[in-house]
Structures are given as C-alpha cells and as structure tokens.
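Have a look at the structure below before the remarks.
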Amino acid sequence: MEPGLQVISESKEVEEDRSLWKVILLGLLGIGAGFGVFHYFESFLINLDTASFWMFVVLFVIFLDLTILQVLLVKNFWKIFLIGFLEVFSPIFYFQGEFGNPNANYLRILILSFCVGFYFVFIGLRRGYRMAENSLKIRFFEISRRILPRVASGLLLILATVFYLSYFSWNLTPPNIGQITVGNMLDTLKPVSNVIFPSGGVIDKNENVSQLVQDLALAKVKETKVSISDQGQTIEVPFLNLPQEYKTQVVSQVVSQIEGGLKSQFSTFDPNDTVLEFVYSVLNQYFLKFELLLGVYAPVVIAFGLFFLAKGTLAMFYWLIELIAFLILKMLLVFGFAYTNLETRAREFLLLS
C-alpha cells in the first residue's frame, strides 16, 4: 500500500459466533421441532384427532420461526447449513420401521422427497443469509420473506409425500376414515348453526336427514308471509300468526320441495339416514367419480393437491409467523441471549482538486 494513503476500516467486534453452546441449542431446538412435526403429523393421519393436528401446527410454526432465527443469529453459513441438514434429514429415522418394506420404491420416494425438500430449505437459508450479510441494517421482515416461503415449501413437500405413502403405500388408513373426516367437518359447522337456524337449532351429524330438512323448512318460512284466501279475498298473514294446522301444512309443502330437490340431485338420498351418512355418501360418490377419472394417478394428484392447498393456506399466515419470530427475537435481546452490535466502515477514494 502506498504510504500516503490510509484505509480506515473499523469494527468494534468481529462478526463471528462467540457462543457455541447457543448455536448448538438453536440447532437442537430445530431438530426437536422437526421430529415433533412428523410425529404429530403421522399421529393425526392415523387417528384423525384434533389434539395431534394442533400440536402439529404449533410445532410447524415453531420450526419455521427457529429457521428464521438461526439465519439471523448464527454467523457462519456452514453451521447454518449443517443445522438445516440435520433438521430436515433427522426425522427420516422416524420412519425407519418402514425401511424393511419389501417394495424398495417406497423408500426411494421417501428419501427423494427429503432431498428435494432440503433443496428448497437450502435455497431459503442461502438467500436469507446473503441478504443478512450484505445489509447495513437488520431488515428482519425482508430477510424472513426470503427464508419462509422456501423453507415452508420444502417441509410441506415432504409432508405431502408422507401423506401419500401413509395412506396409499403403508396402509395406515384408519377404519372408517371417510366418515371420521366428514364427522369432524360437520362438527366444525356447529358454530354457524345459529346463522342457519336463528331459533337456536344446531346441525347434529347424528340426527336424521328428515329432521334436518324439517328444521331448514321451518327456518325458511319463519319470517315469511303466507297468502290465504278468505271470503273470496287473498290476504297475506305472517307465518308466526297462522294457526298451528296451517303452519304444519306450509312446512310440509316446503319439506316436500326440499326433499324432491335432494332426490333429483343425489340418487343416494334417504330421509331415514343420519346427516353424517348422507353427507358421506354424497362426497364419496363424487370421490369415486374423481378416482375413476384419474385412475392410478389419483393418489398422486390428491397428495399434490393437498400440498398446494396447504401452501396457499399457509401463505395467508406468513405475516403471523414472521411476527412471532420477530417477538421471539426481541425477547432474546431483552434477556441477553443475543445483542445488537454496530459496525462502522470507511472506504478510501480519490477526488479531483
């Protein structure tokens, strides 16, 4: 360097990892969250219970938040790479009971999905790390948006493959899975029953369809007026003011109209079936048509359909996941787990006098 020139490049601290045990802790938490995601996802597929589903969702969010924090807090990319690799590939041993399957294609599909999923995770980690490394300020939300969609896509792709193998290869399908799923779906509709039945009725999956139709007919005519001929004149009377015999007659006419429409639309309609049996028979009829149309490709289409459905749904909650990660980061700063440091830099340059 020429003696007359001076380069000022000052930093109070070298940007490197100073606490190895904290890096290890972040990695172990991520690996544990990854194991939990696959454990509760598999448990949900087998038992279809609400508790397993919500534990899966919570651990999935924790896994994504930890990934964002690892990129921001760990200063060596190869450490981030190793943590990400272990987080993604460690859960594969959760399925070691299926490794003895005589059809090796199942194992190849599983391993391939983990490799492709890790590729997406790697891309997210690398882009997030590069942006964090080259930013003068810590732009948390911009960095997390580089990481989150790709890591989520990689993990969802692996989960879609696990869904496909569990139901269509490993035969882990629980008995009556269709009716269990439809029953859970009908249970979720109970909160909207007050909208359909202002009088306080509920949609009970175990009641007869005839009773449900009766409730629908009553809700339909309750606020209407009925035309009645009286001494050659036609007058409109509110339904609630009608004598009971007229009410019964009007409701019966509406019930006949609804049942006629259902019979014309669904060949499996039987008023003596329960609501659960009727809804299941209708959905099963459409599913069988769909399966017949796609043939052997139906399971693959279903798995990837669920993947894109889950990805689209998750995208609506990226802001919430980022906000949770941001709050966790602020808590870590408050409790001294990490701290913010500033680096000042000067660059030599020449000017014309």
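Every number here is computed from the coordinates shown, using simple stated rules; none is lab data. Computed from a prediction, not measured in an experiment: that's the story for all the values here. In this analysis, Cβ positions are derived from the backbone assuming ideal geometry, glycine residues included, and neighbour counts consider all displayed protein chains.
Quick one: what are the phi-derived ³J(HN,Hα) couplings along segment 325-337, Karplus 6.51/-1.76/1.60 with θ = phi - 60°, whole Hz, x for glycine and proline?
Each residue's phi maps through the Karplus curve to give 4, 5, 5, 4, 4, 5, 5, 5, 5, 5, 8, x, 5 Hz.
Which distance in nm do the two modelled labels at Ile138 and Phe85 give, with both placed 7 Å along the Cα-to-Cβ direction?
2.8 nm
How large is ³J(HN,Hα), in whole Hz, for each residue of segment 107-121 in order, when computed from phi with the Karplus curve 6.51 cos²θ - 1.76 cosθ + 1.60 and θ = phi - 60°, using x for Gly and Pro?
Whole-Hz 3J(HN,Hα) from phi for segment 107-121: 5, 4, 4, 5, 5, 4, 5, 5, 5, 5, x, 5, 4, 4, 4.
Take the cross-link list Lys79/Lys330; Lys205/Lys289; Lys222/Lys289 and give me the ones stretching past 27 Å between alpha-carbons.
Numbers: Lys79/Lys330 23 Å; Lys205/Lys289 25 Å; Lys222/Lys289 38 Å.
Those over the limit are Lys222/Lys289.
Extension gain Leu107-Phe266, at 0.36 nm per residue separation less the Cα-Cα distance, in nm? Kindly include the intermediate steps, with their values, before the conclusion.
Numbers: separation 159, 0.36 × 159 = 57.24 nm, distance 4.18 nm.
Working it through step by step, the gained length comes to 53.1 nm.
Between Lys311 and Val58, what's the calculated FRET efficiency when r is the beta-carbon distance and R0 is 22 Å? Round to 0.05. Each step should come with its number before you reach the end.
Numbers: r = 19 Å, r/R0 = 0.84.
E between Lys311 and Val58, to the nearest 0.05, is 0.75.
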